[in-house]
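One structure is given here, and the rest of the page talks about it.
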Amino acid sequence: MLGISIGASSEQESFLKFTIPILGVIGNWVAGVGAIFAVFVALWLAEQQRKRDSENLKLNFSAFITAGNPNSYLAVAVTSNGNKPSRINSISVHSKSSKIALVIMQFDIEGHQPPTLLNYGEQARFIFVPKTEEGIRNFVKENGSGLYKNLYLGISTSTSFFKTPFSPAVIEYLQKIMLTSDCGSKSTF
């Protein structure tokens with residue numbers, strides 16, 4: 001349209017010598033920019049598809065109670081909400097101030113045990129045995145600079161690692177458990 005309007009308003013000789021080559025160059029630039037934009041859109045769409053097709057876990061680490069059991073306990077509920085199945089191989093406690101981790105080796109028989117395979121929408125609940133709190137306390141004293149706020153829970157799968165920080169509710173639960181087990185001695189939380 002631009003070429004027709006310019007062609008109608010200019011002389012034939014100047015139109016053929018100058019205007020047509022300039023419009024051709026502009027057309028090539030527009031086509032080149034469009035091709036580059038198409039490549040970026042294709043890469044972005046491929047990355048979005050890769051994210052949708054990967055494994056993804058939602059972690060809920062907290063203190064729980066159940067009907068019929070008056071004692072509270074630590075547990076992590078793991079829900080698979082990715083398009084790929086997830087094989088949960090291990091659960092560990094990490095500290096931002098330590099290079100080693102505390103691997104949780106025993107879980108209550110009422111819950112799941114690693115390794116556990118989760119398909120989309122499935123959930124597993126890993127219930128920590130009662131002595132786990134003492135193990136976490138010793139880990140914090142020896143490897144975590146005595147700070148519970150630097151702790152996070154890690155879940156290792158066959159291909160990925162997922163983590164969630166210790167929530168204030170978990171830290172409060174650990175403080176309560178540790179204070180009762182210490183019989184009044186001071187602890188750093």
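Does a label point 7 Å from the Cα of residue 119, set along Cα-to-beta-carbon, have any residues of region 49-67 with amide nitrogen under 19 Å, and which are they?
In region 49-67, the label zone of residue 119 (backbone N under 19 Å from the point 7 Å along Cα→Cβ) covers 53-58.
For percent of Cα pairs over 25 Å apart, the choices are (i) 50; (ii) 55; (iii) 44; which was calculated from the structure?
Answer by label: (ii).
Where does each of 106-114, 138-146 land if you order them by average Cβ count within 10 Å, highest first? Could you put the intermediate results ahead of the total?
Working: 106-114: 14.8, 138-146: 16.3.
Descending mean neighbour count gives 138-146, 106-114.
Using θ = phi - 60° and the Karplus relation 6.51 cos²θ - 1.76 cosθ + 1.60, list the HN-Hα couplings for region 114-128 in order, rounded to whole Hz, with x at every Gly or Pro.
x, x, 10, 9, 10, 8, 3, x, 8, 10, 10, 10, 9, 9, 6
On the accessible surface of the chain, probed at 1.4 Å, how many percent belong to carbon and sulfur atoms?
So the carbon and sulfur contribution to the accessible surface is 60 percent.
For the pair residue 159/residue 179, report the inter-label distance in nm, with labels modelled 7 Å from Cα in the Cβ direction.
Output for this residue pair reads 4.6 nm.
Counting only C-alpha contacts under 8 Å and six or more residues apart, can you give the relative contact order of the chain as a whole percent?
18 percent
Between residue 110 and residue 29, what is the label-to-label distance in nm when each label sits 7 Å out along the Cα-to-Cβ direction?
7.3 nm
Provide the packing ranking of 30-38, 89-97, i.e. peptides ordered by the mean count of other C-beta atoms within 10 Å per residue, highest first.
Per-residue mean Cβ counts within 10 Å order the peptides as 89-97, 30-38.
Pull up the cross-link candidates among the lysines for residue 131, meaning alpha carbon to alpha carbon under 21 Å and not fewer than 8 places away within one chain.
The qualifying lysines are 141, 149, 176, 186.
Which FRET efficiency value, to the nearest 0.05, is calculated for residue 149 and residue 90 with the Förster distance at 30 angstrom and r the Cβ-Cβ distance?
With a Förster radius of 30 Å, E is 0.80.
When the helices in the chain are scored as -39500 (n - 2.57) per DSSP H run of 4 or longer and the sum is shared across all residues, what 222 nm value do you end up with, to the nearest 500 deg cm²/dmol? Write out the running numbers ahead of the final one.
Values: 4 runs with 68 residues, N = 189.
Helices in the chain give a 222 nm mean residue ellipticity of -12000 deg cm²/dmol.
The values are calculated or read from the model by the stated rules, or taken from the named source; none is laboratory data. Please read all numbers here as calculations on a predicted model, not as lab measurements. Backbone-built Cβ (ideal geometry, glycine too); neighbour counts: all protein chains shown. Surface accessibility is based on the protein's heavy atoms, side chains included, excluding ligands, DNA and RNA. Shrake-Rupley method; radii C 1.70, N 1.55, O 1.52, S 1.80 Å.
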